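Peer 1: Mind having a look at this structure? Questions to follow.
Read-outs: derived from the displayed coordinates by stated rules, not from any lab. Since the structure is predicted, the reported quantities are computational estimates derived from the model, not experimental observations. Here the Cβ positions follow ideal geometry from the backbone for every residue, glycine too, while neighbour counts run over all protein chains shown.
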């Protein structure tokens, strides 16, 4: 039977120091990435932060009765955003002013005329009107729309 040699005190200290260095390096990598991602989240939140009057909201019956259509649809973050006209830009924002890890979608529109939003919690119909920008946020699966946008096309 082979006899197992015991570690010396110096070897034990070396192993502990190596383990601490490894854990510290792994923590630095993860922590640095988290902080970098959080800074990016703050920047995205600032770009998507828009205040304005609420968009006129329609019921589904009003939307159908007025024969409105929203043929340009995009599925973003499991939410379907549809519009009649114009361009859109979407991004995922973090809850908790950038501190959280869960996200919700925010889409900005140049001139959608009408916007429909479909989530697992329901369907919303907004009518900003011709030539009016809009921003739609969907925190916790419920759509909110304001009549303004920071999104413009490069020109």
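Peer 1: How do 89, 120, 102 rank when sorted from fewest to most other Cβ atoms within 10 Å of their own Cβ?
Peer 2: Working: 89 17, 120 7, 102 10.
Sorted ascending by nearby Cβ count, the order is 120, 102, 89.
Peer 1: So for each of 65-78, 129-142, 10-23 I average, over its residues, the number of other beta carbons within 10 Å; can you give me the resulting order with the highest mean first?
Peer 2: The peptides rank, most packed first, as 129-142, 65-78, 10-23.
Peer 1: Modelling each spin label as a point 7 Å along the Cα-to-Cβ direction, I'd like the residue 140/residue 21 distance in nm, to one decimal.
Peer 2: So the two model labels end up 4.9 nm from each other.
Peer 1: Using Stokes-Einstein with the Kirkwood hydrodynamic radius over Cα pairs, what translational diffusion coefficient do you get for segment 76-155 at 20 °C and a viscosity of 1.002 mPa s, in µm²/s rounded to a whole number? Before the final figure, lay out each step's value.
Peer 2: Values: Rh = 12.7 Å.
The calculation lands on 168 µm²/s.
Peer 1: On full extension of the chain, what length is gained from residue 72 through residue 123, given 0.36 nm per residue of separation minus the C-alpha to C-alpha distance? Could you put the intermediate results ahead of the total?
Peer 2: Working: separation 51, 0.36 × 51 = 18.36 nm, distance 1.59 nm.
Net length gain for the segment: 16.8 nm.
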